[in-house]
1. Calculate what fraction, in whole %, of the accessible area of segment 195-241 sits on carbon and sulfur atoms when a 1.4 Å probe is rolled over the protein chains.
2. Quick one: Kirkwood hydrodynamic radius for segment 162-316, alpha-carbon pairs, angstrom, one decimal?
3. Treating the angle as unsigned and between 0 and 90°, give the value, to the nearest 10°, between the Cα long axis of helix 23-37 and the longest Cα principal axis of the chain.
4. To the nearest 10 degrees, how steep is helix 131-146 against the longest Cα principal axis of the chain, on a 0 to 90 scale?
5. Contour minus end-to-end for D412 and E317, with contour as 0.36 nm per residue of separation and end-to-end as the Cα-Cα distance?
6. Taking θ = phi - 60°, what integer Hz values does the Karplus form 6.51 cos²θ - 1.76 cosθ + 1.60 yield along segment 314-328, in sequence order, with x for Gly and Pro?
7. Can you send over the carbon and sulfur percentage of the accessible area for segment 41-139, probe radius 1.4 Å, protein chains only?
8. Probe of 1.4 angstrom, ligands and nucleic acids ignored: what's the accessible area per residue over segment 369-507, in square angstrom?
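The values are calculated or read from the model by the stated rules, or taken from the named source; none is laboratory data. Just so we're clear, the structure is a prediction, and the values are computed from it rather than from any experiment. Positions of Cβ are generated from backbone atoms using ideal geometry, with glycine treated the same way; all protein chains shown enter the neighbour counts. What goes into the accessible areas is simple: the full protein's heavy atoms, side chains included, and nothing from ligands, DNA or RNA. Shrake-Rupley method; radii C 1.70, N 1.55, O 1.52, S 1.80 Å.
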Amino acid sequence: MRKVLFTFSIASLMLLMACGSDDAFQNDLETVIDQMNDMDYDEAIAKLQELEEGLVGDQYETGRINLVSGMLNEAEYMSENIAELEEMYNSAMEHVDEATASEDRDIELYSHALSSIDQTLNRFEDMTQLDMYQDLEGKRDELSEEILGDWLPSLQEGIESDLESQNFAEAEMQLNEMNRLHQMMPEEIREGVVSEYDEMIAEERERFVFIPEIVDGWNETVIDNDEGSIEVEGVRNIDSGVEVVISFNDYYKNISDQLAFSPRMILSDSDTVSGSLAETRLLEDKAITKYHFSTMGGDIQVDDISRMDVEAPFEQEEAIQVAFDGTDGEYEIPGIESIKELHRPEWTLDGDNFEVEIDRFFVEDHNIEITGVIKAEEDITIDETSRAYLPFTKEENDTRGFGSNEVELYADTEKDFEINHSFSDPITEFHNYIDLMLFEHHLSVDLTDGQLYEVSDPVFVADLENRTHRTSSNLYDEHNDRELINQSGDRVKEDSLIMRASAVNRYTLNDRFDQFTTTLHVHQGNSGVDYGTTEFEVYSVEDDDEVELYSTTIEEDHDAQDVEIDVEGVTELKIQISTDRGSEGRQEIILEEPAVE
């Protein structure tokens, strides 16, 4: 082991113990020690060689020669390596200066500085008393203190703040930086610290179906009128090309999934790229969509955009040109939280000869799971068919299969059951409730607390269990690729439907409602004296019995007609039309806001 810096007290002790007392020899050694401490290695070597030659025949020859030889080895080693050590020292100090001089902390610079310091310190081996070694150790302590005392805490606080503001992209960036610091200083920054914040981000992400995101602002309008608007909100580069964010607001939100909406990017070199729908986020009053534009090479960038053309045949025949003058500010794509709840409702459904107890109602992302027990009071056959309907996304799922859904139960027995419903769209914070049909019972359930939900507003008939024919329940007529415009040229209100030819619709009421209301129109494209007339009829149906509740003839010169029908005690509501053809075709009948309450 080498020891570069020898103190006078150590040398004296060694001499007294092994070498006897000799003032001249001790003075010579003190001179050598001073020379070595001053890094005058050549002079120290010459003096030690002289001492070594003069010790032959000395009374304490063996001990003194061993001491001088050890010091000579140290001096020769330092003489041979001091230039390299000084070069490494200077390089390490330059890396430190470069890292600490940068206005923004550059993790690469700090990594290089620490690595350079550690490599240089290792080359010094046990020569820890050299000023260069002490300088490097001091710089390493300063960097460590900055990283552990300031940098790491600022990242921790930053991640917590970003999660509070739902800025996941920034939180991920700071987590990556924290992980890099851990890799630089694995002993000082434990892996557990990184894991803790990784889990924190993951747990917060779990709340969302779609996390909030930030893109560059585009801020151009495609369509804007009294009913709503379509806006190009933002744009950004992605791995495969360019992503454009477009919002459909108010009226256009309700028809966004039916529109023949075809955006096409015009690039600065006159090439064109068609967009494909990549994602839709449904909020209360808007739908936010992402369209992706990419080529085979995936080499287009935002800077390549000249403009965007949008085919919107429902609005105008020619494509709408959307200017691009560069990005402006930022646009935050709102996040949407999912519903993940386990409820223990303890509901009881009473049938004529059975009782159903529901003890578990689980909601997670796209799925609903319901479990409980059926208790039979006598031998019965029961229909296990279950229907679930989400009014917000207008999506239905039922358990009907290809075979029978009837099951036999025997008196004083009970049977456990589990019912599962899956939906293509996620169940989100905007889904207030779900409509269920369980064991021949209809009920509405609050998705957030698992309690029975009292539907106070009028219910759109298309949200009921139904069987329809030649009917579309959208604001956009996909059959003819057109909006629902009445005979007066006005768009009809949300929650309307259109019936064609000899359509027959059946809606299950199960004695739950008192009144049916709607306004009858003829679609503008099929109105006038050349489209004949239509018989409109409404019936109450109970098993095989039908009772007419209402009928009217829709004439060629039809004006809007309000309909109000008493449906108290009605099990099934049947609405049918029968059209007489005119010279140009048949009327198509719009039911504006057909609802029960």
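1. Working: 830 of 2350 Å².
Here it works out to 35 percent.
2. Averaging 1/r across every pair of different Cα atoms and inverting gives 18.0 Å.
3. Tilt relative to the chain: about 30 degrees.
4. 20 degrees
5. Extra length from D412 to E317 when fully extended: 27.3 nm.
6. Per-residue couplings from phi come out as 6, 10, 7, 6, 7, 5, 8, 8, 10, 6, 10, 10, x, 7, 9 Hz.
7. Carbon plus sulfur share of accessible area: 40 percent.
8. Value for segment 369-507: 48 Å² per residue.
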